[in-house]
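Inspection log for the structure reproduced underneath, given as structure tokens.
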Amino acid sequence: MTQSKFDNWTEIDLSAIQHNIRMIEHHAGIPVMAVIKANGYGHGSITVARAALAAGSPFLAVARYHEARELRRHGIDAPVLVLGRVSADEISEAVALQIRATLFDPEQIRLYSDVLADNQQRLLVHAKFDTGMGRLGVGTAEALPLLKAIMDAPTLELEGIYSHLARADELGISVTKEQMERFSSIVQEARQAGICPQQIHLSNSAGAWFYPQLPDCTMVRGGIAIYGLNPSEKTPLPNGFRPALSWKTNIVSIKTVQRGQAISYGGKYIVQKEHERIAVISVGYADGFRRVNGNRVLIDGKKLPVIGTVCMDQCMVPLDDEIQAEVGDEVVLIGRQGDQEISAANVARTWGTINYEVVCGIGQRVKRYYPENGIEL
Ligand SMILES: *Cc1c(COP(=O)(O)O)cnc(C)c1O
């Protein structure tokens, strides 16, 4: 077995992301704004952004201003929307870099107008409405006043309006339909007042796949599904979507230990057999591999338990006699090996969370490797 280049790495299939984007676009009937916040859900925001744009995404979305700036720094000049708050001291630069800001509070109009008073160019904004998520955005009653105030602000240009679905990843929930109706009525009200923004978007991945799109909408915002992962256990994507990410490490040591030997911090696992082969693998909680019981990994095409306490940089796996393994062998944390698979959802179940948090939480120390083009980040 050849020694792999890295200790601990993800392999990201960019063509899978492109394929998933095309699937969503085809199904929804409108283009996909690629949501690449949080380092592209752990997949690497720059490479994912480039792949998404090449697959036809007309727009990118991030959560924080600095994530948008990072895209510009890498020469990505496609439209980018910041879904979160852009602060007053970032706003002049946002105008220069043509980074779109979300306007979710009338107070931002005054704040931004003060900063931009002498600016030649206008700030492109997408107004955000709270139709039932209870997060950012003004309610239905304040929607039209907000839109009018934006139209009246000489330093702002209304490019888009949007809202966010709270429960599209559950089926048969009336809330989603109600949110769609509220959003639709805001769009109609705006139209009647002569306000017709270029971009109108509502659906996240689950909304894009499991609900029909409102005829007014020009894009869906695709996050989890573009990475080939299910919005929830209750709303699995159909066959044809391809998970883009595998997470791997390798065996750095194998030794045979005697009965009674304690393994790892706290001595929580004690060897019961006369002797047992223990593999040390190169992943720990500093890589985002959680310090909980019940972790499993694939070695020699078999699903094996991690035993003892997960350390910062390593953890241990006992190897039964029938397991063929040697130092340098590949260990799969997420992905396939032989006919076995551990999905991000499997890991999420062990960790008591959702697949979103699993992939976002893969640590900065973990290499991102793109086999198609040989890029490593
Ligand atoms: C994160 C986010 C999305 C993407 O959601 P997915 O469920 O991953 O598709 C869309 N819109 C907003 C406002 C978000 O914050």
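Sequence-ordered 3J(HN,Hα) estimates for segment 135-146 from the Karplus curve with 6.51, -1.76 and 1.60 and θ = phi - 60° stand at 10, 6, x, 8, x, 4, 5, 8, 5, 5, x, 5 Hz, glycine and proline given as x.
Under a 5 Å amide H cut-off, with hydrogens placed 1.01 Å from N, Val86 pairs with Thr102 among residues at least 5 apart or on other chains. At 1.567 mPa s and 4 °C, plugging the Kirkwood radius over alpha-carbon pairs of segment 160-305 into Stokes-Einstein gives what diffusion coefficient in µm²/s? The estimated diffusion coefficient comes to 65 µm²/s. Look at the dipole of segment 18-72 built from charges on Cβ: of His19, Leu60, Gly29, the Cα furthest out on the positive end belongs to Leu60. For the set Met219, Met23, Met133, solvent exposure ranked by accessible area (probe 1.4 Å, protein chains only) runs largest to smallest as Met133, Met23, Met219. Ratio of Rg to Rh for the chain: 1.06 [Cα atoms; Kirkwood radius as inverse mean 1/r over pairs].
Expressed as a whole percent, the accessible surface of segment 282-350 that belongs to carbon and sulfur atoms is 41, based on a 1.4 Å probe. Close amide H partners of Asn295, meaning residues 5 or more places away or on another chain with modelled amide H under 5 Å apart, are Val306.
Site pair Asp339 and Ser4 shows an inter-label distance of 2.3 nm when each label is modelled 7 Å from Cα along Cα→Cβ. Label-to-label distance for Met133 and His66 is 2.3 nm, based on points extended 7 Å past Cα in the beta-carbon direction.
Compute the long axis of helix 45-54 from its Cα atoms, compare it with the longest principal axis of the Cα atoms of the chain, and write down the angle in degrees, 0 to 90, nearest 10. Taking Cα atoms only, the helix is inclined about 60 degrees. The residues of the chain have, on average, 44 Å² of accessible surface per residue, using a 1.4 Å probe with all protein chains present. Ellipticity at 222 nm from helices only: DSSP H runs of n ≥ 4 in the chain, each -39500 (n - 2.57), divided by the residue count, give -8000 deg cm²/dmol. The length gained on full extension between Ala286 and Thr350, counted as 0.36 nm times the residue separation minus their Cα-Cα distance, comes to 21.3 nm.
Between the Cα long axis of helix 106-116 and the first principal axis of the chain there is an angle of about 80°, rounded to the nearest 10.
For the pair segment 302-377 and segment 96-170, the centres of their Cα atoms are 41 angstrom apart. Using the Cβ-Cβ distance between Gln98 and His275 with R0 set to 41 Å, the FRET efficiency works out to roughly 0.05. What a 1.4 Å probe finds exposed on segment 23-164 is 49% carbon and sulfur by accessible area, rounded to a whole percent. In the calculated pair-distance distribution of segment 251-366, the portion above 21 angstrom amounts to 35 percent of the Cα-Cα pairs.
The values are calculated or read from the model by the stated rules, or taken from the named source; none is laboratory data. Model, not experiment: these values are computed from the prediction. With ideal geometry, Cβ positions are generated from the backbone for all residues, glycine too; neighbour counts draw on all protein chains shown. Side chains are part of the model used for accessible areas, which takes the heavy atoms of the whole protein and leaves out ligands, DNA and RNA. Shrake-Rupley method; radii C 1.70, N 1.55, O 1.52, S 1.80 Å.
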